[in-house]
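Heads up: the structure comes next, in C-alpha cells.
A short reminder: the numbers here are calculations on the coordinates, not readings from a lab. This is a predicted model, so every value here is computed, not measured. Glycine also receives a Cβ, built like all others from the backbone with ideal geometry; neighbour counts cover every protein chain displayed.
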Amino acid sequence: MNSDSFNGRTVLSIAAALALAACASPDAPKEQMAVANSAVDQATGNAAEAPAELATARDKLTRANQAMARKDYVQARQLADEAAADAALAQATARSARSSRALAEVRQSIQQLQTQLNRS
C-alpha cells in the first residue's frame, strides 16, 4: 500500500466524518419557532371556536420550547412545525364555524321572507 493511497483514504474518512458531524448537530430552528409562536398567537383569537385545535397547538409549542432548552433541535423543529400546522387548523376550523353560522342565518332569513311572501 503506498502513502498516496493511505492519505487519500484518510482525507476521505475525515471529510465523511465532518459531513456526518454537520448533519448530527443541526442549527437551532429559530425561524420555525418564530413562525409557530406567531401562528399560535394569531389563532388565540379563535379559542372559543376551535378550543381543541388551539390547545394542541399550544401544547406542541410548549414542548418545542422545552426541546429548544434541551438543545434537541430536531425535536424542536418538528414540534414547531406541527404547532404552526395545528394553529392553522384552529384558524380554519374557526372560519368554518363562522361560515356555517352565517349560512344558517342566511337560510333562516330566506325562510322568513318566503313565509312573508306566502302570507301576502
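Points to keep in mind about this one:
- In segment 28-119, one over the average inverse separation of all distinct C-alpha pairs is 14.7 Å, which is the Kirkwood hydrodynamic radius.
- From most to least packed by mean Cβ count within 10 Å, the peptides 58-67, 90-99 give 58-67, 90-99.
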